[in-house]
1. Would you mind checking the radius of gyration and Dmax of region A:172-329 based on alpha-carbon positions, in Å?
2. Considering all projection directions equally, how large on average is the shadow of the alpha-carbon convex hull of region C:1-130, in square nanometres?
3. For peptide A:59-68, how many partner chain Cβ atoms fall within 10 Å of a residue's Cβ, on average?
4. Where does helix C:174-183 land angle-wise versus the long Cα axis of chain C, in degrees 0 to 90, nearest 10?
5. Relative contact order of region A:172-329, please, whole-number percent, based on alpha carbon pairs below 8 angstrom and at least 6 residues apart.
6. Taking the Cα-to-Cβ direction at B:Ala303 and at A:Ser227 and moving 7 Å from each Cα, how far apart do the two end points lie in nm?
7. Within region B:71-166, which chymotrypsin sites (Phe, Trp or Tyr not before Pro) sit in a loop by DSSP and count at most 16 neighbouring Cβ atoms inside 10 Å?
8. Let me know the mean shielding of B:35-46 by other chains, meaning the per-residue number of their Cβ atoms within 10 Å of its Cβ.
Amino acid sequence: MKIAIVNNQAPFVRGGAELLAEWLHDKLEEYGHQAEIVRIPFQWSPPERIVDHMLAARLVRVANVDRVVALKFPAYYVPHENKVLWLLHQFRQAYDLWGTPYQDIPNTPMGIRIREAVVEGDRRYLQEVRRIYTISKIVGNRLNLYSGLKSKALFPPLLDSEPYRCEEYGDYFFFPSRINAGKRQHLAVEAMAYVTSSARLVIAGQPETPTDLGRLMSVIREHGLESRVEVIPRWITEEEKLCLLAGARGVVYLPFDEDYGYVTLEAFHASKPVLTLTDAGGPLELIEHGRNGFICEGTEMLAKAIDELSEDRALTERLGQAALDTINERDISWDRVIRCLTQ
Amino acid sequence: MRVLVASTYVPFVEGGGRMIVRDLVRAVRERGHEVDTIEIPFHSAWNTMLEQMLAIRMMDVSEAADVLVAIRTPSYLLRHPNKRLWFIHHHRGAYDLWGTSYQDIPSTPEGLATREAIVAADNLYLREAQRIFTNSQIVADRLREFNDLEGEVLYPPLGDPERFVSRPAEGYVFYPCRITGHKRQQLAIEAAAHLTTDVRVVIAGAPDTPQQLGPLQELVTRQRLQDRVQLIPRWISEEEKAELISRSIGVLYIPFLEDSYGYVTLEAFHAHKPVITCSDSGGTMEIVEDGKNGLIVAPEPIALAAAIDRLRSDLQAAAAMGERAHETLLGKDISWDRVVTSLLG
Amino acid sequence: MKIAWFTPLSRRSAIGEFSVHVTAELARFADVELWVADEPPFLRTQLPVVTYSQESHELDRLGERDAIVYNLGDYLPFHRDIVAVSRNRPGVVILHDRVLHHLFAGMWLTGADLKHQLYVDRMRAYYGESGAEVARATLEGQRQPVWESDEEVLRYPLYEEGILTAHGVVTHSESQARDIRARWLGPVRALHLPCYSDVLRRVDGTRPRDPDGLVQLLSVGHVNPNKQAHRVVEMLAADPDLAARVRYTIVGPNDDFKAYVNDLRRFIARHADRLNVEILGWQPEEELDRLMAQTDIFVNLRHPVMEGSSASLMKQLAYARPVLCFESGFFGELPEGALIRVAAGDFAAADQALRDLVDNPGLRRRMGEQAHAVAASYDEQSYAEGLLSLIEESRHAAPALDFLNSVARQLGQMCVDGMLPTFDEVANDFARVLSF
């Protein structure tokens, strides 16, 4: 089949959606299809532009294509009679972020009208779609809540899971991620203050701003944890990440309300249990408390979980194995993805 | 500088338009700029064109980059304060092909009205550009004739010219090109029947359709040219092509009325080889000069055979023409340096 | 050119009659098919008749036609199907009536699929808040339905709804064409409703002298208050001298306004001593022709004027008899001398004009000749030529209009209106590129 993967484009920006589109493209070709990535410009500032680009998407014609797989608003408005969504997210500013400081659209009569346009557009045009898949249940739940549409969760696999390995369950817990307020590395540090075992914490990632790094370092200093918490404040290579994963006792990952998060998946491929908080969002779809990781209510409970794993090797191994098994149990695979999207 | 290269395309159709975008992006990036592309799918069905054109007008990239270079029609509809066009061709069905069998808009009142609107939009929005370049003089002439606009000729260079080297000539002339009617491989085969020296003709390229190939093979058999003509009826790799050009006496490029001189001509010139072309081939006239860096002949088998024989009979003269062919490239400065400087300057 | 011609073809339809005559002429220049949703029996035609329903695949064949013509009039049973098709397959609309309010109110407010909110929204879209208010109050029973008052419904005609997606519009009155041009972008043409050539041929200008010396007056048409027969009768009752010299015959279907007709009969009965008035009801064509041939003066004092034009008026003119009417609507557009016109609603003036005609056979003869000449000049060929020219213009305008409508529809679906800048940006683009 000739498949067009339709995504938004913000010139010069390359993020998770772009990566996913590229992975999907490569995998589709691997599985014998012809694929092309179609990018439709999207500019949402000033907010009036949002409607311009909704109209633009509606007027674009994608010819010579058997199927469209669309990923985001408003690219998913591109008309095609054989269209399927693999939804990363709707325009959250109009939905769950409306009424919060992140709504991005002003509360003026014009802003309210713009929001209405987005809601109406989704309600009407998403009905043209044959099937809706989402990258996580959270996204699907929101879609159902706000647009009344049913969907199925189709978790994105890693592009290449081969290199992920478990070499041993060492004495440190690994927290890989950009360092910023949303990822909440500082909570992991606070938890370490309650830890009684000899467990260490290794934090690795590019600080979003120098302030973010500064804040984290001062929390470590405040609690006198310099010898127990190691920070690698830069982007680490794939090999470094694989290495650090391979030797970790477990992975600590504490983002606030994330949509998905590959970190959990990477940890599972390396057979490591994952420790997270109850409001982490995406990771909760994969982590089952006590089975392949721990979902904690606060830093003290997190510390207890760290101690438990540090002191009980058998437990760690059992959870680690279950973590690896989860991937197959949930069929998080390109086989499944390609099958669903090309059916 | 932040540069956006914009163009339109048809998904899953490879064509010159897409290659030039890729080559330009690479050239701009190599010269230290940040580049991204905006490639908008565009369907040339006449009754959807107005809507698609409006779609492009609605897309806002005006603050995304310092310069926008728009290539294939109608990507120049994108709004940007610093827009440059590297104009390859119009939607020709509405322009120079209107009134011919290639007209792709019906001559009904509806079709006429649509054509008017397309031309009106072009006239308006082409003028938004700060500078307009075209890929050939022919296209610049059309721009003047139909839209009353002046375009500067900016010849597209090869993507990887270093590949095309020169070696001592062996006894053949070479015609590498996809096999289809207006590329006139048939003419080359007919010429082969009139050759008087021992020169051979090597033709390589993927036929557009199987129907294009059959008659050529029959012609070779019928005229008993199996020893004269080598037909390689498939797509050949860049390496194979460069290899075959490098050892040829010269290269044939004899299409019917093309807008631009064609990449083949450039490849030959880079490889220090003369080019034989026809007086009605179109764009090749802009860089091939008869007797200097190649030969221009009437599109007839005997004249073409004579030209091929001429190269074969005096290999030194042919080699000298090849040297001058290479100098032509330098003289006309067909280079990415020139392209990037012009487009971003 | 291949034309699909949508029309009622029932024997009771004046528009059907019109279609049969005009398409017969049109067929000399184009390939015409009549598309009909009615049940037989049909008026007779030599042209191919294609029957369709909303679901039929037959409608897909319309893609093969170069142009589609939709005949719209203000009568739901005959035109509901035509409107439905015209929405999806735009073409040229011939507006036979000035008002299509009864048609659309009927479509939205009766039957299985009620669309009360749509009625209010459309009234607002065309006539602003006052239109919306009138609609709302009508629906809630707070006032007399707007469609029951001829004067009022002329202010909210809703013909706009009939031409929403049209590529071109034909009207039979210049004033209506002007109204439309002021508010609608596409090509508009006013054509004179033709006087059918077979009518002209059939008509014999002479009339046998009435044995009792009475001057014969005739009014033709659906009997309803708009035709003002009751005012004419009142006028005669108040002028016994005039009444004694005339016989007034009222012909036409009278089932729809039974109360009105009964009142009229009672009035006539009460003044039987001085009035010579008969109400004959609907008459078959031959009988109507006989009555018309025996008429001395046609009384056509309808007010206000609701139709675009009137085929029956053309017929009356063909009979070479004077026609007495008000200076109103399309009656005001006919050439000087074709009709006896008095100021709209002025029955005193009408009375005087009638007296003059009754007193003066010479005047009647002269006016009749002029009327006939005008009728003869409104021939089917001119109509067909005018229509073909408008169709050509419409085909040229079609891509731009369709484009506008398509984009407007998308914007509407997204609830985008003039408040958002997108709207203006799009409008500006259109204005710069498209020409109308």
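1. Rg and Dmax of region A:172-329, Cα atoms, are 14.2, 43 Å.
2. 8.6 nm²
3. 6
4. Tilt relative to chain C: about 20 degrees.
5. In percent, rounded to a whole number, it is 25.
6. It is 9.4 nm.
7. Filter output for region B:71-166: B:Tyr102.
8. Whole-number average of other-chain Cβ neighbours for B:35-46 is 5.
None of the figures in this text is laboratory data; all of them are computed from the coordinates on show. Since this is a predicted model, take the numbers as computed values, not measurements. As a convention, Cβ positions derive from the backbone with ideal geometry for all residues, glycine included, and neighbour counts pool all protein chains shown.
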